[in-house]
Amino acid sequence: MKYIIIGIIAIVIILILFNQFGGKKEDNLISQNTNSFGIKENTAEQEKSTLGKIKKINSEDYDRFILTKSTTESYILKGIKEYGELSGNEEYKIYSFGIAEYGDWKIIKVDQSISFYVYHNLVGWLSGYEENTAIPEHSIGFSKNKSDSQEDYLFFLDPENEYGDTQIGTFRNGKSFSIYLPEAYEEYGNLTIKKEIQVSMKENVDYISKQGFNISDIESLKDTEHKIKMND
């Protein structure tokens, strides 16, 4: 009888341990607000804060775009102008933004001289800076390297960050990263490569394609240029 009881206790302990550590692990499909971007994340690692490795981004090496879906040109222009007035400084510069239409998408080409900080914050700002029916269904940053396609990168607001101050993304070479927007003001940015973040370039490009925009066409788009005043 003694051995039977010991055996039953051992079986119960094994079952508890299995449920805690041996259960099936699945990749999560996470949405960006209503977006269905494919992000594979290790939930066990999510809780850990990792410094990662900062990768310098020279803006001059890239043609930079913001991909927006289901919005209007007036919403985009109003959003950029209002963002440009946030600093409250009297000094300002005039920047050029190109807007092209591709089906239900508006593709914004960002002025070459716009800083890393402003570019990445604009992607988040246009995701919904006020209550407006024209808030885009998607707001995605895409930076195309002028000489090395493996250095192309794509990014968007982290759907699991409730504060809306962090972006995640990936390079075409497979390295994933995060950007903490409030501290992105350094000359070469603060894009940080992190192993625990796994964002798939292929899955996101395929998803965007299914939503009606082929990223490979981005350089052939004809845009309308808009000059916008932005305070320093």
Exercise for the section: Return a yes/no flag: does region 195-209 have any residue that is assigned to a strand (DSSP E or B), out of contact with any helix residue (DSSP H, G or I) (no Cβ under 7 Å at 6 or more places or on another chain), over 22 Å from D61 (Cβ atoms) and open to solvent by 50 Å² or more (accessible area, probe 1.4 Å). Expected result: yes
Exercise for the section: Of the conditions (1) surrounded by 16 or more Cβ atoms within 10 Å (Cβ to Cβ); (2) over 19 Å from K227 (Cα atoms); (3) at pLDDT 95 or above, I39 clears all except one; give me its number. Expected result: (3)
Handout entry: Tally, over region 78-101, of residues that are part of a strand (DSSP E or B) and either open to solvent by less than 30 Å² (accessible area, probe 1.4 Å) or touching an Asp or Glu at 6+ places or on another chain (Cβ under 7 Å) (or both)
Key = 8
Practice task
Could you give me the residue pairs with C-beta distances under 7 Å whose first residue belongs to region 187-202 and is under 13 Å from F155 (Cα atoms), whose second residue is open to solvent by 30 Å² or more (accessible area, probe 1.4 Å) and of a type in the set (A, V, I, L, M, F, W, C) wherever it lies, and which are 6+ apart or on separate chains?
Solution key: L191/I54; T192/I54
Exercise for the section: Hey, can you tell me all the residues within region 152-169 that are among the hydroxyl-bearing types (S, T, Y) and either over 19 Å from E60 (Cα atoms) or open to solvent by 60 Å² or more (accessible area, probe 1.4 Å) (or both)? Expected result: Y163, T166
Handout entry: Criterion violated by S127 - all others in (1) crowded, with 18+ Cβ neighbours inside 10 Å; (2) assigned to a loop (DSSP other than H, G, I, E, B); (3) modelled with pLDDT of 95 or more; (4) not β-branched (V, I, T) satisfied
Key = (3)
Completion exercise
Of S149, S143, S176, S139, the only residue that is surrounded by fewer than 22 Cβ atoms within 10 Å (Cβ to Cβ), small (G, A, S) and either farther than 24 Å from Y75 by Cα or modelled with pLDDT of 95 or more (or both) is S149
Exercise for the section: Would you tally the residues in region 102-120 being open to solvent by less than 10 Å² (accessible area, probe 1.4 Å) and farther than 14 Å from I140 by Cβ? Expected result: 2
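The values are calculated or read from the model by the stated rules, or taken from the named source; none is laboratory data. This one's a predicted model, so the numbers in the text were calculated from it and none came from an experiment. Virtual Cβ from ideal backbone geometry, glycine too; neighbours counted across all protein chains shown. Heads up: the accessible areas ignore ligands, DNA and RNA and are worked out on the full protein's heavy atoms, side chains in. Shrake-Rupley method; radii C 1.70, N 1.55, O 1.52, S 1.80 Å.
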